[in-house]
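The values are calculated or read from the model by the stated rules, or taken from the named source; none is laboratory data. Predicted, not measured: the structure shown is a model, and the values here were computed from it. So basically every Cβ, Gly included, is an ideal-geometry build from the backbone, and we count neighbours across all protein chains shown.
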Amino acid sequence: MNLTELARSSGEWLRGSGPESDIVISSRIRLARNLAEFPFISRCTPADRGEVEKRLRNHVIHVQAGGELDYLNVNDLKGIDRQFLVERQLISREHAESEGARGVAIAENEQVSLMVNEEDHLRIQVMHSGLDLTGVWQQINEIETILCDQVVFAFHPKLGFLTACPTNVGTGMRVSVMLHLPALVITRQIDKVFRSLQKIGLAVRGLYGEGSQAMGDFYQISNQITLGKSEETLVSQVGDIVPQIIEYERKARDVLVKESHETLHDRVSRAYGILRTAQTISSEETMHLLSSVRMGVNLGLISDVAIPTLNELFIHTQPAHLQKLRGTELDTADRNIERARYLRRHLNKQDSGNGGKN
């Protein structure tokens with residue numbers, strides 16, 4: 001797999017082609033599994049880790065997952081390449097920052113990745129654009145069934161699948177949906193929504209999962225507990241609440257358009273103007289401004305930039321992507337200059353007109 005070539009595309013989580021994709025960025029399910037004959041990763045010796053990686057590599061590369069899988073030895077990758085895979089949502093930050101034998105098998109369409117020797121021996125991930133938890137569950141269930149016929153996973157008749165983290169014991173499943181919620185943030189309703197989610201056992205995380213910040217008004221909603229609940233129940237728990245959040249966001253956008261149209265249009269236009277003219281800009285500010293512009297396009301306030309272009313910019317302006325596209329490593333100051341140059345080049349391609357509708 002050529003990571004430089006991969007950097008030029010958008011990635012599954014920002015393709016913007018699935019149901020409700022103006023608000024729902026992606027649907028993802030991860031399954032945690034461990035080989036029965038080895039201790040958990042935290043208790044593994046280097047030799048154990050090497051043997052686990054060798055065994056699982058031979059199985060995961062042959063999984064039929066809607067296309068061929070490429071296997072990357074994460075331990076041999078440069079830091080910038082590991083960070084690139086994190087930005088791509090193909091491996092976790094923990095997997096990138098760990099040490100010792102570990103790898104990842106990635107499907108050509110990026111919907112499937114199988115992480116070997118992350119927190120658990122194996123993390124199976126399937127991700128689709130938009131709101132498609134049913135499709136994700138069907139695909140990941142097929143993959144897990146194939147692997148269960150080839151290896152023996154640690155399983156307890158009463159507890160279910162055994163995992164390194166107690167909160168994953170049972171199904172070992174994390175169901176998550178990534179949403180873009182700028183209107184709820186602007187109207188200051190976001191905290192109220194999140195408190196309600198926490199009361200029903202759902203967690204809210206940032207762009208890159210646990211411990212990460214909610215850059216660009218992206219939030220991941222996921223289940224917190226797996227023990228005692230079936231896979232179908234967990235999929236329904238998350239899947240049933242997402243339409244309500246979508247409705248809240250749409251109502252908040254309607255309120256902004258009806259009651260604060262001039263202020264909203266000014267916010268969006270200023271964000272678009274800064275992105276098109278800035279000489280230096282940080283990743284965090286870029287995400288924040290792109291979020292406003294993306295909402296503006298969806299609300300018809302800007303007509304001369306397409307959502308796919310904005311989705312591409314969200315990921316191509318991330319630090320590792322930017323350096324892969326440039327073909328060289330850059331320090332923070334140079335990245336900020338290159339990011340601004342990249343934004344100007346891509347947002348000024350088309351006739352600017354008046355920058356939106358008056």
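For the structure I just gave you, tell me whether M178 is in contact with a strand residue (DSSP E or B) (Cβ under 8 Å, 6 or more places away or on another chain), within 26 Å of R55 (Cβ to Cβ) and among the hydrophobic types (A, V, I, L, M, F, W, C).
no
List the strands (runs of 3 or more DSSP E) inside the stretch 37-136, counting only whole elements, that have at least 3 residues being over 22 Å from T163 (Cα atoms) and out of contact with any helix residue (DSSP H, G or I) (no Cβ under 6 Å at 6 or more places or on another chain). It would help to see each step written out before you state the result.
Values: elements: 69-73, 103-107, 112-116, 122-129.
In the stretch 37-136, 69-73 are the strands (runs of 3 or more DSSP E) which contain 3 or more residues that are over 22 Å from T163 (Cα atoms) and out of contact with any helix residue (DSSP H, G or I) (no Cβ under 6 Å at 6 or more places or on another chain).
Specify the residue that is farthest from L289 (Cα to Cα); the eligible residues are those in the stretch 321-340 that are small (G, A, S) and touching a residue at least 60 places away in the same chain (Cβ under 8 Å).
G327
Looking at A96, is it modelled with pLDDT of 95 or more, among the small types (G, A, S) and in contact with a Cys (Cβ under 9 Å, 6 or more places away or on another chain)? Show your work before the answer.
Working: modelled with pLDDT of 95 or more: yes; among the small types (G, A, S): yes; in contact with a Cys (Cβ under 9 Å, 6 or more places away or on another chain): no.
Taking the combined requirement at face value, the residue does not satisfy it.
Out of the residues in the stretch 7-33 meeting the condition of being polar (S, T, N, Q) and buried (at least 23 other Cβ atoms within 10 Å of the Cβ), tell me which one is nearest to N311 (Cα to Cα).
S26
Just to be sure, is L90 crowded, with 16+ Cβ neighbours inside 10 Å and touching a Leu at 6+ places or on another chain (Cβ under 8 Å)? Give the derivation first.
Numbers: crowded, with 16+ Cβ neighbours inside 10 Å: yes; touching a Leu at 6+ places or on another chain (Cβ under 8 Å): no.
Taking the combined requirement at face value, the residue does not satisfy it.
Exactly one condition in (1) modelled with pLDDT of 90 or more; (2) outside any helix (DSSP H, G or I) is not met by Q244; state its number.
(2)
Taking helices (runs of 4 or more DSSP H) that do not extend beyond the stretch 253-358, which have at least 1 residues that are surrounded by 14 or more Cβ atoms within 10 Å (Cβ to Cβ), in contact with a Pro (Cβ under 8 Å, 6 or more places away or on another chain) and outside the structural domain of G16 (by TED's automatic domain parsing)?
In the stretch 253-358, 283-298, 332-347 are the helices (runs of 4 or more DSSP H) which contain 1 or more residues that are surrounded by 14 or more Cβ atoms within 10 Å (Cβ to Cβ), in contact with a Pro (Cβ under 8 Å, 6 or more places away or on another chain) and outside the structural domain of G16 (by TED's automatic domain parsing).
Output yes when any residue across the stretch 180-192 is in the same structural domain as T145 (by TED's automatic domain parsing), in contact with a Phe, Trp or Tyr (Cβ under 8 Å, 6 or more places away or on another chain) and in a strand (DSSP E or B), and no when none is.
Yes, there is a match, as at least one residue in the stretch 180-192 is in the same structural domain as T145 (by TED's automatic domain parsing), in contact with a Phe, Trp or Tyr (Cβ under 8 Å, 6 or more places away or on another chain) and in a strand (DSSP E or B).
Name the single residue, out of those in the stretch 38-84 being of a type in the set (S, T, N, Q) and within 30 Å of L330 (Cα to Cα), that is modelled with the lowest pLDDT.
N75
Tell me yes or no: at least one residue of the stretch 233-247 is among the acidic types (D, E) and not assigned by TED's automatic domain parsing to the domain that holds L343.
Within the stretch 233-247, one or more residues are among the acidic types (D, E) and not assigned by TED's automatic domain parsing to the domain that holds L343.
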